[in-house]
Amino acid sequence: MKKLWGGAFSESTAELVDRFGQTIHTDLNFWQEDIIGSVAHARMLGETGIITKEEAQTLIDGLEKIHEAGPEALKMDVEDIHTAIEMKLYELVGDVAGKLHTARSRNDQVATAARLMLHNELLIVLDLIKSLQGELLAQGEKYKDAIMPGYTHQQHAQPITLGFHLLAHFWSLQRHGHRAEQLFQLANYSPLGAAALAGTGFPIDRHMTSTELGFTAPIPNALDATSDRSFILDALHVCALIMIDLSRISQELVLYSGREFGFVKMADSVTTGSSIMPQKRNPDMAELIRGRTGRVIANWVTLATVMKGLPLGYNRDTQEDKPPLFDSLGKVKDSLQLTQLQLASCEWQLDAMKAATRGDFSTATDLADYLASTGIPFREAHEMVGQVVIGCNDRDITLEDLDAATLHAINAAIPVEALSVLKPEDSVRRRESFGGPGPKAMAAQIERAKAIFEERGFCSIA
Ligand code: ARG
């Protein structure tokens, strides 16, 4: 295997050593960013007179040709992407290719390419978050009046609406967008020109390459620049958080599409069948998102474990930073799109959702609230409604079945007007506190969500 080093070696490395160290296949994920970093470096070498302007132009032309030819034209029997590109450059422009690596090391090169790649990938992730939010917002508005059970402890708690539920996911995605944008800012500093660890004696201009590559500024300390991988840990963390929330949406789709709930039907295009049971329609994509969340969480743990206790200066261990990053970003991008596809295909069974609130005692709090509004302390009202629940259970009836006589028989102190607050629709209608599912509160929430959605980026989270 051809190397970029070896001058001081008298025999070639063992085949297993080559194979164990090779990353060219996963490095293809950032081949473009590696070229872009090299172009900026070559231009800077020319501008500062470290090489001639003509030499710099030759290098840049060669790099652009490599870019046009694409990764298929690169040799794969090499250690990494940096080697593959430099060897191709030799083929195209001859010995001057050897000048590209002046005042640079693969240590600053790889850190630069990784930051550029993360930058580009985050832009895609941010777009996909917005897009999924658009779906949630549209359906949130469409179903703002569709009654469904609201759950705590996965038991029926209080009636809510489907729109209210879907918008809850909108806001969690907004925070992920916000986090990803902050990480974007935090990672946007240039390691290029840090060289191996201690800078260089050549009169390079790190500000020039930083600006050309769109970074905010060069990282002030060359040793830090080549050693830091916290930006990748940040990215892995954000990926894990996004997947955790997508796994929760997934779990809801799995549950709600099951027979016991029957709240939703998903289209054939996003579900799968069984090889033995002809009647089956399985929510495999939701299950896979839920399942793959484990790997994305593990990717953070993987790199955190690599970095723990690692002394400063480049260590080959950090080569292990990229496979988890590529893996997590890939899974997040797919999962965001798949979640949107599934949601877009949902046929919500509004009658079944509403029917599920019947007889579930989920307006018991409304009854207690009513009593409290007449001046009875809430704790006392809670006790009284507890008796009503027992009274109903004893008679095998639900809250909706209560009539004046039965109520009186259970507890004569409860005024008969209390019976007017027991409908789920009315319960939702009264919940007008800020952030509640009531019609006015929801209208305000939708208006705010729309305004935030229209903003560029994710600066607001409320
Ligand atoms: N493939 C390496 C990585 O991803 C590139 C840097 C190699 N540097 C070195 N001194 N061996 O980290």
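The values are calculated or read from the model by the stated rules, or taken from the named source; none is laboratory data. None of these values were measured; they are calculated from a predicted model. Positions of Cβ are generated from backbone atoms using ideal geometry, with glycine treated the same way; all protein chains shown enter the neighbour counts. We work out accessible area using only protein heavy atoms, side chains counted, and drop any ligands, DNA or RNA first. Shrake-Rupley method; radii C 1.70, N 1.55, O 1.52, S 1.80 Å.
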Among the candidates His165, His153, which residue alone is more than 16 Å from the ligand (Cβ to nearest atom), closer than 30 Å to Ser345 by Cα, surrounded by 18 or more Cβ atoms within 10 Å (Cβ to Cβ) and without any contact (Cβ under 8 Å) to a residue 24 or more places away in the chain? His165
Ile129 - would you say it is of a type in the set (Val, Ile, Thr), outside any helix (DSSP H, G or I) and either open to solvent by 30 Å² or more (accessible area, probe 1.4 Å) or more than 16 Å from the ligand (Cβ to nearest atom) (or both)? no
Scope region 96-110; condition among the aliphatic types (A, V, I, L, M) and touching a helix residue (DSSP H, G or I) at 6+ places or on another chain (Cβ under 6 Å); matching residues: Val96, Ala97, Leu100
Name the residue that is farthest from the ligand (Cβ to nearest atom), counting only residues in region 314-328 that are among the polar types (S, T, N, Q) and closer than 18 Å to Thr226 by Cα. Asn315
Here are Asp228, Asp234: which of them is under 21 Å from Lys333 (Cα atoms) and charged (D, E, K, R)? Asp234
Name every residue in region 204-230 that is assigned to a loop (DSSP other than H, G, I, E, B), open to solvent by 30 Å² or more (accessible area, probe 1.4 Å), closer than 17 Å to Gln185 by Cα and touching a residue at least 40 places away in the same chain (Cβ under 8 Å), in order of residue number. Gly214, Asp228
Filter result for the condition that a residue is over 22 Å from the mean Cα position of the chain (by Cα) and among the charged types (D, E, K, R), over Asp351, Asp334: Asp351
Subset of region 36-54 [open to solvent by 40 Å² or more (accessible area, probe 1.4 Å) and part of a helix (DSSP H, G or I)]: Ile36, Arg43, Glu47, Lys53, Glu54
Give just the number: which of (1) within 16 Å of the ligand (Cβ to nearest atom); (2) more than 34 Å from the chain's Cα centre (by Cα) does Arg19 not satisfy? (2)
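Are any residues in region 83-102 open to solvent by less than 10 Å² (accessible area, probe 1.4 Å) and either of a type in the set (Gly, Ala, Ser) or within 13 Å of the ligand (Cβ to nearest atom) (or both), and if so, which ones?
Result: Thr83, Ala84, Ile85, Ala97.
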Could you grab me the full set of residues in region 397-424 that are within 21 Å of Ala355 (Cβ to Cβ) and open to solvent by 50 Å² or more (accessible area, probe 1.4 Å)? Glu400, Asp401, Lys423
Residue count, region 363-393, condition open to solvent by 40 Å² or more (accessible area, probe 1.4 Å) and closer than 20 Å to Ile160 by Cα, comes to 3
Contacts under 9 angstrom Cβ, first residue in region 87-105 being farther than 15 Å from Lys2 by Cβ, partner within 16 Å of the ligand (Cβ to nearest atom) and aromatic (Phe, Trp, Tyr), 6 or more apart: Ser105/Tyr314
Qualifying residues in region 17-31 (those that are touching a residue at least 60 places away in the same chain (Cβ under 8 Å) and in a helix (DSSP H, G or I)) - the one farthest from Asp205 (Cα to Cα): Asp18
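Of all residues being of a type outside the set (A, V, I, L, M, F, W, C) and within 9 Å of the ligand (Cβ to nearest atom) in region 71-82, which is nearest to Val110 (Cα to Cα)? Just the residue, please. Give the steps one after another, and end with the answer.
If we filter region 71-82 for residues that are of a type outside the set (A, V, I, L, M, F, W, C), which is where we start, we get 71-72, 75, 77, 79-80, 82.
Retained after the next criterion (residues that are within 9 Å of the ligand (Cβ to nearest atom)): 79-80, 82.
Values: Glu79: 13, Asp80: 10, His82: 8 Å.
For region 71-82, the residue satisfying everything is His82.
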When you go through Ala304, Ala355 one by one, which is the residue that is open to solvent by 10 Å² or more (accessible area, probe 1.4 Å), at pLDDT 95 or above and more than 30 Å from Asp228 (Cα to Cα)? Ala355
For region 330-350, which residues satisfy the criterion of being part of a helix (DSSP H, G or I) and either farther than 19 Å from Glu121 by Cα or of a type in the set (A, V, I, L, M) (or both)? Val332, Leu336, Leu338, Leu341, Gln342, Leu343, Ala344, Leu350
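Taking Gly6 as the residue in question, decide whether it is open to solvent by less than 50 Å² (accessible area, probe 1.4 Å), in a loop (DSSP other than H, G, I, E, B) and within 16 Å of the ligand (Cβ to nearest atom).
Values: open to solvent by less than 50 Å² (accessible area, probe 1.4 Å): yes; in a loop (DSSP other than H, G, I, E, B): yes; within 16 Å of the ligand (Cβ to nearest atom): yes.
Yes; evaluated as a whole, the condition is true for this residue.
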